[in-house]
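The block underneath contains the structure these notes are about, expressed in structure tokens.
The values are calculated or read from the model by the stated rules, or taken from the named source; none is laboratory data. Just so we're clear, the structure is a prediction, and the values are computed from it rather than from any experiment. Glycine also receives a Cβ, built like all others from the backbone with ideal geometry; neighbour counts cover every protein chain displayed. Note: accessible area is taken over every heavy atom of the protein model, side chains too, but ligands, DNA and RNA are not part of it. Shrake-Rupley method; radii C 1.70, N 1.55, O 1.52, S 1.80 Å.
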Amino acid sequence: MEAYGLIGQKLSHSLSPQIHALFGNHQYECYEVKPERLKTFLRDTPLAGMNVTIPYKISVIQYCNVLSETARKVGSVNTMVREHDGWRGYNTDYDGFKYLVTGTAGYDPEGKKAAILGNGGAARAVRAVLHDLGAAEIVTVSRRGPVTYDDSRAYADADLVVQTTPVGMYPEDGRSVISLDVFDRPEAVFDLIYNPMRTSIWSEARERGITAENGLSMLVYQAARAEEIYTGKTISDEQVTDVIFKMAGQMEG
């Protein structure tokens, strides 16, 4: 039976094996790979396919012979499949974030101003989705980019805030790259972190009556789309909802 997995640098608390198992893939494991070993791992691994997470979503592109249309558009790869002539790269983060915004939250970003916190591979998928959904303005805020966290005048009036960095992820609960105090009055806040489910910025938003969602439904939906790529089988939205419910119950328990 073909094996699959998740590669990243720190994966000890990943939920991906449990999620893929709920979709019927029991040959799925986590593989922590150091940056200097990435090329060798991709060359030698027997895996038939894999998901990719921090910090490799951009760097794996150079090892893909072919990119899907979405991966090319986003400029980031989070799903790879081995073919006879090498790796083919896909981006299912795009599908996952679109599902989070339009499905889970029921939010319409058309004509809105969005502030994206962070500028990694996930941020690229977020930017592409918001552009395709008609956001009027998208500002990317990062530590070293053209707009930094100190440049609050450039993003304080955002209608939508999307937190894409790993800051605040378990075991660093309670940390945040920014406080909502710097924003005027956002309509919605999405934190792509899913562990913990209640992050600092998520809690701030809920306390202020602002629509807020964590990244669990994005994680599950992108995993479902990856499984479809691996197996060629269709996974229904009802199955996705069921897995989200089960994972949320497990984490809350």
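Being in a loop (DSSP other than H, G, I, E, B), open to solvent by 30 Å² or more (accessible area, probe 1.4 Å), of a type in the set (Ser, Thr, Tyr) and modelled with pLDDT of 95 or more is the filter here; which residues of region 149-178 pass it? Across region 149-178, the qualifying residue is only Tyr149. Restricting Val177, Val161, Val167, Val243 to residues that are touching a residue at least 12 places away in the same chain (Cβ under 8 Å) and touching a Ser or Thr at 6+ places or on another chain (Cβ under 9 Å) narrows the list to Val177.
Checking the structure you have, find out if any residue of region 208-222 is in a helix (DSSP H, G or I), among the charged types (D, E, K, R) and surrounded by 14 or more Cβ atoms within 10 Å (Cβ to Cβ). Looking through region 208-222, none of the residues is in a helix (DSSP H, G or I), among the charged types (D, E, K, R) and surrounded by 14 or more Cβ atoms within 10 Å (Cβ to Cβ). Restricting the first member to region 194-211 and to residues that are of a type in the set (Lys, Arg), and the second to residues that are at pLDDT 95 or above and not in a helix (DSSP H, G or I), the beta-carbon pairs closer than 7 Å and six or more apart or on different chains are Arg206/Ala212. Checking Arg225, Arg208 one by one, the residue that is of a type in the set (Lys, Arg), at pLDDT 95 or above and touching an Asp or Glu at 6+ places or on another chain (Cβ under 9 Å) is Arg225 and no other. Taking the numbered list (1) part of a loop (DSSP other than H, G, I, E, B); (2) farther than 18 Å from Leu133 by Cα in turn, Asp181 passes all entries but (1). Exactly one residue out of Gly120, Gly145, Gly49, Gly106 is modelled with pLDDT of 95 or more and closer than 27 Å to Val177 by Cα: that is Gly106.
Applying the criterion of at least 2 residues that are within 20 Å of the chain's Cα centre (by Cα) and surrounded by 22 or more Cβ atoms within 10 Å (Cβ to Cβ) to the helices (runs of 4 or more DSSP H) found wholly in region 22-139 leaves 69-74, 93-98, 121-132. Only one of the numbered conditions (1) part of a loop (DSSP other than H, G, I, E, B); (2) without any contact (Cβ under 8 Å) to a residue 40 or more places away in the chain; (3) of a type outside the set (S, T, N, Q); (4) open to solvent by 20 Å² or more (accessible area, probe 1.4 Å) is not met by Gly249, and that is (1). Looking only at region 1-21, filter to residues that are at pLDDT below 95 and over 19 Å from the mean Cα position of the chain (by Cα); which one of those is surrounded by the most Cβ atoms within 10 Å (Cβ to Cβ)? Ranking the candidates gives Glu2 first. Quick one: what pairs do we get from region 125-144, first residue in contact (Cβ under 8 Å) with a residue 12 or more places away in the chain, second of a type in the set (A, V, I, L, M) and assigned to a helix (DSSP H, G or I), C-beta under 6 Å, 6+ apart or different chains? Cβ pairs passing all conditions: Ala125/Val74; Ala128/Val74; Ile138/Leu130; Val139/Ala154.
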